[in-house]
Amino acid sequence: MAKYATQGDQALAATKISSLTIASNATTVQRNKVAEFNIADQGTPADNVVVHTVQRCTALGTNTAVTPTKLDNADRAAQALIGSNHTAGEPTYTAGELLWRMGLNTRASYRWVAVPGYEWITPATAASGIGWAALHASATTIWEVSITFEE
């Protein structure tokens, strides 16, 4: 299986707003296996706690397309749809399909690595996948998510 890395960023808002999504495309539907993600604040450090979530979604919303980087240059280009900066329309998140939720201080970064065999896998269904979102009542910083995945 081919392996890739990608990232997305977003300005925090008082309502849930997404930084990154990964999903299968409609032409060559495939499953994507997320092995790792990192979250970091790009702004000036402050004592703010931001609530971050990772949740399954069935539509990607309006975003800026991102081209993943191949970890092995001999592999083909990624087929997954990667979206960043969801400013005009959020993904359609699936109720009850929350994979991860945590309040994180913006002064520290966070890294999650799947135990082998427990990676998050997207379905082989067009536009269905996983999204990373966050919210804070008043912070105006930019937050970033980077992931590694295989397909």
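The values are calculated or read from the model by the stated rules, or taken from the named source; none is laboratory data. All values derive from a computational prediction rather than experimental measurement. Note: ideal-geometry Cβ built from the backbone for every residue, glycine included; neighbour counts use all protein chains shown. Protein only, heavy atoms only, side chains kept; ligands, DNA and RNA dropped before computing areas. Shrake-Rupley method; radii C 1.70, N 1.55, O 1.52, S 1.80 Å.
How large is Rg/Rh for the chain, to two decimals, with Cα atoms and a Kirkwood Rh?
0.95
What distance in nm separates the two pseudo spin-label positions at Trp100 and Ala124, each 7 Å out from Cα along the beta-carbon direction?
With each label placed 7 Å out from Cα toward Cβ, I get 2.6 nm.
In angstroms, what radius of gyration and Dmax does region 26-83 have, counting Cα atoms only?
15.3, 45
For Lys70, list the lysines whose Cα falls under 24 Å from its own Cα; do not include residues on the same chain fewer than 8 positions away.
By straight Cα distance, Lys70 reaches Lys3, Lys33.
With charges set only on the Cβ (+1 for Lys and Arg, -1 for Asp and Glu), what does the dipole of region 3-138 come to about its Cα centre, in debye to the nearest 20? List each step's numbers first, then the result.
Numbers: 10 positive and 9 negative charges, 42 e Å.
Computed charge dipole of region 3-138: roughly 200 debye.
May I ask you to compute the full-extension gain from Gln79 to Thr62, defined as 0.36 nm times their residue separation minus their alpha-carbon distance, rounded to one decimal in nm?
Once the chain is fully extended between Gln79 and Thr62, it gains 4.3 nm.
Count the DSSP beta bridges whose two residues both fall in region 22-129, then state the antiparallel fraction as a percent rounded to the nearest 5.
Percentage antiparallel, nearest 5: 95.
Picking from Leu135, Pro116, Phe37, whose Cα lies most toward the positive end of the charge dipole for region 2-151 (charges on Cβ: Lys, Arg +1; Asp, Glu -1)?
About the Cα centre, the residue reaching furthest to the positive side is Pro116.
Averaged per residue, what accessible area in Å² does the chain show with a 1.4 Å probe, protein chains only? Before the final figure, lay out each step's value.
Numbers: 7340 Å² over 151 residues.
For the chain, the per-residue accessible area is 49 Å².
So, with a 1.4 angstrom probe, what is the percent of accessible area on the chain that is carbon and sulfur?
53 percent
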